[in-house]
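Visitor: Pasting a structure below so you can have a look.
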Amino acid sequence: MATHETTDFLAGVIEGFYGQPWTQAERLELFDWMAAWGLNTYLYAPKDDLKHRALWRELYAAAEAEALGHLVKACRQRNIHFVYALSPGLDIRYSNDADLDRLKKRFEQMLALGCQDFALLFDDIPDRLDSEDIQRWGSLAAAQCHVTNAMFRWTRDRETGARFLFCPTAYCSRMVWRNHGGENFLPTIGRELLSEIDVFWTGPEIISREITVSHVQELELVLRRKPVIWDNLHANDYDGRRFYCGPYTGRCSELRRAVRGLLSNPNCEFPLNYVPLRTLAEFVRCGDTWKPREAYLLAVQEWFPRFATATKPITLEDLILFGDCYYLPHEEGPEAEALYECARSLLAEDSERNSGQVAAFRRQARRLREFCARMAELRHRPLFYALSRRIWELREELELLEQHMEAARADGPSGDPSLTFHLPGTYRGGMVAKLQRLLVQNLDGTFTPDRSDERVQQVGAIRQATVSTP
Ligand code: GDL
């Protein structure tokens, strides 16, 4: 039986997001990064590989299997664990032996390709059981433990050193508080899941700003094992307007001893993951003190050569300013935050609008707009394609603000609406945008109807009428 060097602590990457999976070439590039940076685990779990989730019962066709086999081999050559995950939870019948057999057939195919490590994921699935499963298992947690334990034993009979991971249906504190998965979901998992099986956990939230040592220590008591963190800090599949290239942060270095692993499920667009993964790798091997901003600046410096343009070059300083605009889900980078604060104070009703401040805003906004324009000339086209839609929006908004401030300076606080080309309907338009404007999110996460929208629509209608009047 083949063996490979095992490291107990799992550090690396989950391809576990919704949307277009990474290409074969991107995965190979990822493995090179990982090998160079000391990351040891890659979890194959793209939600929209049909045979990972929706069609989990179907075997891979020959060409698909060959491509996966190639990845398994590429990982082996670099001493990286290739963990193959299946997500059968959408429609599995937990008490149906035929479904268990299908899982075995799927793992058998991967074993034949040289894969040694496996995972069963039950995230984002209906948290109800059909009547037969309820009668047999009593709870979703017990049903999941039964199938996972059975698959673990079956796998270990064939691959003695196999790592085996499990993602529960309630995989963060908020879900547990809401009783997602049913009463006593996690305690049942802790009690009934075999102790050799690792359990994924995303932290207090699905996208956790912070994961503290005390948080995971409390969890350990319930799970009866240390968790493996499935870290969604840099995931962007839930928001098509953003990506995150800020540093790995909100986790202190002591966390490494409190967990069995740290795996990042990052941005859908592979080329945008350089800094997130580089800084994760640094976090994994840093000493006692973790300095995220310093790590970010170093990683951006390394990323910079990929921004070679066809004509006029960009500067590292501009890349840092731009990166700060797409930093992290819960915060902008300091330079972006300063730019935002400057614009906000200039637009405030009682603003003095001193010309120095306006000039400072304009200078930064122009730097950014110029940077965005340069991106169209990136030689690394996949990087540009990954950025292009977001850049478009950033440029538009900055241009609008600049125009507005210019007009306000000339004509008083309200500005001159006729100066803008941003017509209602075409700009910030569409059904989703309209729906979003109906409810405003409060700081505590609750939503309330936005009455000001009626006013905005009225103004829009007036402008529309003005524009279409010959
Ligand atoms: C999730 C999904 C993950 C997705 C992420 C961000 C887990 C365990 N599952 O809940 O596939 O990419 O949120 O949207 O995190």
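The values are calculated or read from the model by the stated rules, or taken from the named source; none is laboratory data. All of these numbers come straight from a predicted model, not from anything done at the bench. No Cβ is skipped: glycine too gets one built from the backbone with ideal geometry, and neighbour counts run over all protein chains shown.
Visitor: So which residues in the stretch 151-162 are within 21 Å of Leu186 (Cα to Cα) and touching a Lys or Arg at 6+ places or on another chain (Cβ under 9 Å)? Write out each step before concluding.
Guide: Kept after step one, since they are within 21 Å of Leu186 (Cα to Cα), are these residues of the stretch 151-162: 151-152.
Scanning the stretch 151-162 gives a single hit, Met151.
Visitor: While we're looking at this one, here's another question. Taking Leu43 as the residue in question, decide whether it is within 16 Å of the ligand (Cβ to nearest atom) and either among the basic types (Lys, Arg) or in the same structural domain as Arg158 (by TED's automatic domain parsing) (or both).
Guide: yes
Visitor: From (1) over 27 Å from Ile206 (Cβ atoms); (2) modelled with pLDDT of 95 or more, pick out the condition that doesn't hold for Leu121.
Guide: Looking at each condition in turn, Leu121 falls short on (1).
Visitor: Got a sec? Which of Glu64, Glu58 is touching a Lys or Arg at 6+ places or on another chain (Cβ under 8 Å), free of Cβ contacts under 8 Å to residues at least 12 places away in the same chain and in the same structural domain as Met34 (by TED's automatic domain parsing)?
Guide: Working: Glu64 fails: free of Cβ contacts under 8 Å to residues at least 12 places away in the same chain.
Being touching a Lys or Arg at 6+ places or on another chain (Cβ under 8 Å), free of Cβ contacts under 8 Å to residues at least 12 places away in the same chain and in the same structural domain as Met34 (by TED's automatic domain parsing) holds for just one of Glu64, Glu58, which is Glu58.
Visitor: Would you tally the residues in the stretch 148-171 being over 28 Å from the mean Cα position of the chain (by Cα) and either of a type in the set (A, V, I, L, M) or assigned to a loop (DSSP other than H, G, I, E, B) (or both)?
Guide: Residues flagged as over 28 Å from the mean Cα position of the chain (by Cα) and either of a type in the set (A, V, I, L, M) or assigned to a loop (DSSP other than H, G, I, E, B) (or both) within the stretch 148-171 amount to 5.
Visitor: Related question: One residue is enough: does the stretch 124-142 have a residue meeting the conditions under 26 Å from Arg158 (Cβ atoms), within 15 Å of the ligand (Cβ to nearest atom) and at pLDDT 95 or above?
Guide: No, the conditions are met nowhere in the stretch 124-142.
Visitor: Out of curiosity, is Lys104 more than 16 Å from the ligand (Cβ to nearest atom) and surrounded by fewer than 21 Cβ atoms within 10 Å (Cβ to Cβ)?
Guide: For Lys104, the condition - more than 16 Å from the ligand (Cβ to nearest atom) and surrounded by fewer than 21 Cβ atoms within 10 Å (Cβ to Cβ) - is met.
Visitor: Taking the stretch 1-37 on its own, how many of its residues are more than 19 Å from Leu233 (Cβ to Cβ), modelled with pLDDT of 95 or more and small (Gly, Ala, Ser)?
Guide: Of the residues in the stretch 1-37, 3 are more than 19 Å from Leu233 (Cβ to Cβ), modelled with pLDDT of 95 or more and small (Gly, Ala, Ser).
Visitor: Quick check, is Thr169 within 24 Å of Leu219 (Cβ to Cβ), more than 16 Å from the ligand (Cβ to nearest atom) and not aromatic (Phe, Trp, Tyr)?
Guide: Here the answer is no, as Thr169 does not meet what is asked.
Here is a yes/no grid of residues against (1) modelled with pLDDT of 95 or more; (2) surrounded by fewer than 18 Cβ atoms within 10 Å (Cβ to Cβ); (3) not polar (S, T, N, Q):
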position: Leu255; (1), (2), (3): yes, no, yes
position: Ala258; (1), (2), (3): yes, no, yes
position: Asn265; (1), (2), (3): yes, no, no
position: Glu269; (1), (2), (3): yes, no, yes
position: Pro276; (1), (2), (3): yes, no, yes
position: Leu280; (1), (2), (3): yes, no, yes
position: Leu297; (1), (2), (3): yes, yes, yes
position: Ala310; (1), (2), (3): yes, yes, yes
position: Leu321; (1), (2), (3): yes, no, yes
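For (1) hydrophobic (A, V, I, L, M, F, W, C); (2) over 22 Å from Ser95 (Cβ atoms); (3) crowded, with 18+ Cβ neighbours inside 10 Å, each residue gets a yes or a no:
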site	(1), (2), (3)
Thr148	no, no, yes
Asn184	no, no, no
Arg191	no, no, no
Leu194	yes, no, no
Ile197	yes, no, yes
Ser208	no, yes, yes
Ser214	no, yes, no
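Visitor: Let me ask something else. Quickly run through the stretch 262-292 and pick out the residues that are aliphatic (A, V, I, L, M) and under 21 Å from Gly203 (Cα atoms).
Guide: If the condition is that a residue be aliphatic (A, V, I, L, M) and under 21 Å from Gly203 (Cα atoms), then Leu262, Leu263, Leu277, Leu280, Ala281, Val284 are the ones that fit.
Visitor: Just to be sure I understand the filter: pairs with C-beta atoms under 7 Å, separated by 6 or more residues or on different chains, first member in the stretch 158-173 and more than 16 Å from Val147 (Cα to Cα), second member within 11 Å of the ligand (Cβ to nearest atom) and charged (D, E, K, R). Which pairs pass?
Guide: Tyr171/Asp123; Cys172/Glu205
Visitor: For the stretch 302-323, how many residues meet the condition of being without any contact (Cβ under 8 Å) to a residue 24 or more places away in the chain and part of a helix (DSSP H, G or I)?
Guide: Looking only at that region, the number is 5.
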